[in-house]
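In what follows, a structure is listed as structure tokens, so that the remarks can point back to it.
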């Protein structure tokens, strides 16, 4: 008998999150087609930027959910560790590329 999965901060908006990720996957497929068709470099780069912006929006939403649900909702004894975990994730997002 398995244990129930814990509720995540994004559980209430999971369907919206999945839909957004599917759109991003479609955008990536579009970029692949653009490269296959040897489209103009700047047009490909513009689409790459759009995907990065869309992923950033997803990441910020997840960070917000994590802060409200997992950090603020944590047991007080765990709150510092959860805050450190959140800040490490923010740091990783800020230092890409």
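Taken together, the values in this text are just the output of simple stated rules run on the coordinates, not laboratory data. Just so it is clear, the structure is predicted and the values come from calculations on it, not from any experiment. Counting neighbours? That spans all protein chains shown, and the Cβs are built from the backbone with ideal geometry, glycine included.
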Point-to-point label distance, residue 93-residue 80, nm (Cα→Cβ direction, 7 Å offset): 2.5 nm
How much length is gained on full extension from residue 54 to residue 67, taking 0.36 nm per residue of separation minus their Cα-Cα distance? 2.7 nm
Given Cα pairs under 8 Å that are at least 6 residues apart, what percent is the relative contact order of the chain? 31 percent
Once you have the alpha carbon radius of gyration of the chain, what is it after dividing by 2.2 N^0.38 Å, with N set to its residue count? 1.41
Structure-based [θ]222 nm, the chain - -39500 (n - 2.57) summed over DSSP H runs of at least 4, per residue, nearest 500: -23000 deg cm²/dmol
